[in-house]
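Asks: My questions will all concern the structure given below.
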Amino acid sequence: MSMQSSSMQPPTRIAVIGAGYFARFQIEAWQRLPEAELLAVCDLQPANEAVVRQLAPTARFYQNAERMLDEISPDVVDIATPPATHQALVQLCAQRGLAAITQKPLTPTYAEAVALVEAAEQAGITLAVHENFRFQPWYQEAHRLLAQGQLGRLHSISMRLRPGDGQGERAYLDRQPYFQGMERFLIHETAIHLIDTFRFLCGEVSGVMARLRRLNPVIAGEDAGTVIFDFTGGAYGVFDGNRLNEHPADNTRLTMGDVWLEGEGGVLRLDGFGRLWFKPHGEPERAHDYSWSTQGFAGDCVYATQAHLLAHFRSGAPCQTLARDYLRNVAIEEAIYRSASENRWLSV
């Protein structure tokens, strides 16, 4: 299945915990990474064994995570389960000295996220976050253009998130049913990606103002809202999201919305088809050509994320999503909820 690298370093041995909707993208991506060897997958649902067999025919299937970790002793454990389970599963890894990757949200609360990170640090294990939005090819290309100075001094970033998957009584049930019961939803589960992406593109956040509400009464948490960001570099940002309306796209979950980056040199626009458009001042908007893959999820960002993490685990290459650093995103999330609750601007 896996090949050794040119340096003859053996492949990194991977175990995945979770085989639900999104975990399957992660399992599939590990199978394609030549320097990784997916040894086993654990999931509580026996019916998911057939799915794992199809995605990773040589991987062993377990229903008990402790047994899996003890029997195969992987190099890295990829935790792809709902946030309420992360604390216990990271603790299993910490007890065995195993490096771990965990999906976002890290945990249900900020205090639990801090405790999770501190437990990993006290055990001396590396804990990283599977944060894949910044690795979507359109954001990687936007970051490259910003670094080249094509937009000049940045004025603002804005996103209208409109995936259209939150309508009606069956909202989310066919894909991720636990979404309906999350008391914090749009910001905690979805916009945390954009908090990270805004920081990736625009620099550090210095303050926020938020208005949040619930449009679909069948879910527990908020599914719509507007957040204004200030950045230390002088730009500002607007996240305007709801999960009920749609935006023009063949697949409304590809980019999940439209994005504008505005600067002294013009405007860079992302549409729902993954296309980038650049409008210099005083000139017509024109397509900005770049290449990206239609394989996997959202421009194959899961593969790109895991390739980035694998390089860190194998060679010590810099990692953009270490859990300690990721706590800043969670602190900004907390400030957003507090701003909405207290109806005021908050410094972060």
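Asks: Could we say that Arg243 is more than 19 Å from Leu276 (Cα to Cα) and crowded, with 21+ Cβ neighbours inside 10 Å here? Walk me through how you get there before you give the answer.
Replies: Numbers: more than 19 Å from Leu276 (Cα to Cα): yes; crowded, with 21+ Cβ neighbours inside 10 Å: yes.
Yes; evaluated as a whole, the condition is true for this residue.
Asks: Let me ask something else. Just a yes or no: is a residue in region 127-141 over 16 Å from the mean Cα position of the chain (by Cα) and either on the phi > 0 side of the Ramachandran plot or not aromatic (Phe, Trp, Tyr) (or both)?
Replies: Looking for residues that are over 16 Å from the mean Cα position of the chain (by Cα) and either on the phi > 0 side of the Ramachandran plot or not aromatic (Phe, Trp, Tyr) (or both), one finds at least one in region 127-141, hence yes.
Asks: Moving to a separate point now. Taking the options Ile14, Ile27, Ile79, name whichever one is over 20 Å from Ile125 (Cβ atoms) and open to solvent by less than 10 Å² (accessible area, probe 1.4 Å).
Replies: Exactly one of Ile14, Ile27, Ile79 is over 20 Å from Ile125 (Cβ atoms) and open to solvent by less than 10 Å² (accessible area, probe 1.4 Å), namely Ile27.
Asks: Name the single residue, out of those in region 280-291 being among the charged types (D, E, K, R) and not in a strand (DSSP E or B), that is most open to solvent (accessible area, probe 1.4 Å).
Replies: Filtering region 280-291 for residues among the charged types (D, E, K, R) gives 283, 285-286, 289.
Of the ones still in play, those that are also not in a strand (DSSP E or B) are 283, 285, 289.
On the way: Glu283: 87, Glu285: 82, Asp289: 135 Å².
Filtering region 280-291 for residues that are among the charged types (D, E, K, R) and not in a strand (DSSP E or B), the one most open to solvent (accessible area, probe 1.4 Å) comes out as Asp289.
Asks: Between a residue in region 37-61 that is farther than 15 Å from Ala15 by Cα and any residue that is crowded, with 21+ Cβ neighbours inside 10 Å, which pairs come within a Cβ distance under 8 Å, given they are 6 or more apart or on different chains?
Replies: From region 37-61, the pairs are Gln45/Ala19; Asn48/Ala19; Val51/Ala19; Val51/Arg24.
Asks: Residue by residue through region 190-216, note down the ones that are outside any strand (DSSP E or B) and of a type in the set (D, E, K, R). Even if it seems obvious, please write down each step before you answer.
Replies: Start the filter on region 190-216 by keeping residues that are outside any strand (DSSP E or B), which leaves 190-204, 214-216.
Asp196, Arg199, Glu204, Arg214, listed by residue number.
Asks: Which residues, taken from region 304-348, are free of Cβ contacts under 8 Å to residues at least 60 places away in the same chain and either within 18 Å of Glu118 (Cα to Cα) or assigned to a helix (DSSP H, G or I) (or both)?
Replies: Ala311, Ser315, Asp325, Arg338, Ser341, Glu342
Asks: Every residue in region 217-240 that is touching a Lys or Arg at 6+ places or on another chain (Cβ under 8 Å), open to solvent by less than 10 Å² (accessible area, probe 1.4 Å) and not in a strand (DSSP E or B), please.
Replies: Gly221, Asp223
Asks: Is region 271-279 home to any residue that is farther than 22 Å from Ala147 by Cα, in a loop (DSSP other than H, G, I, E, B), at pLDDT 95 or above and open to solvent by 50 Å² or more (accessible area, probe 1.4 Å)?
Replies: yes
Asks: Continuing with this model, one more query. With surrounded by 13 or more Cβ atoms within 10 Å (Cβ to Cβ) and either aromatic (Phe, Trp, Tyr) or touching a Pro at 6+ places or on another chain (Cβ under 7 Å) (or both) as the only criterion, which of Glu37, Glu49 stands out?
Replies: Glu37
Asks: Then there's this: Taking the criterion of being within 25 Å of Leu38 (Cα to Cα) and at pLDDT below 95, would at least one residue in region 135-143 satisfy it?
Replies: Scanning region 135-143 turns up no residue that is within 25 Å of Leu38 (Cα to Cα) and at pLDDT below 95.
Asks: What's the total number of residues in region 153-180 that are closer than 15 Å to Ala235 by Cβ and exposed (fewer than 13 other Cβ atoms within 10 Å of the Cβ)?
Replies: The number of residues fulfilling the criteria is 1.
Asks: Just name the residue that is farthest from Arg134 (Cα to Cα) out of those in region 183-216 that are buried (at least 17 other Cβ atoms within 10 Å of the Cβ) and of a type in the set (Gly, Ala, Ser).
Replies: The qualifying residue farthest from Arg134 (Cα to Cα) is Ala210.
Asks: Can you tell me which of (1) open to solvent by 70 Å² or more (accessible area, probe 1.4 Å); (2) modelled with pLDDT of 95 or more; (3) out of contact with any Leu (no Cβ under 9 Å at 6 or more places or on another chain); (4) not in a helix (DSSP H, G or I) is the one Arg67 doesn't meet?
Replies: (4) is the only condition that Arg67 fails.
The values are calculated or read from the model by the stated rules, or taken from the named source; none is laboratory data. Bear in mind that the values here come from a model prediction, so they are computed numbers and not experimental data. Every residue, glycine among them, receives a Cβ derived from its backbone with ideal geometry; neighbour counts consider all protein chains shown. In case anyone asks, the SASA skips ligands and DNA or RNA and just uses the protein heavy atoms, side chains included. Shrake-Rupley method; radii C 1.70, N 1.55, O 1.52, S 1.80 Å.
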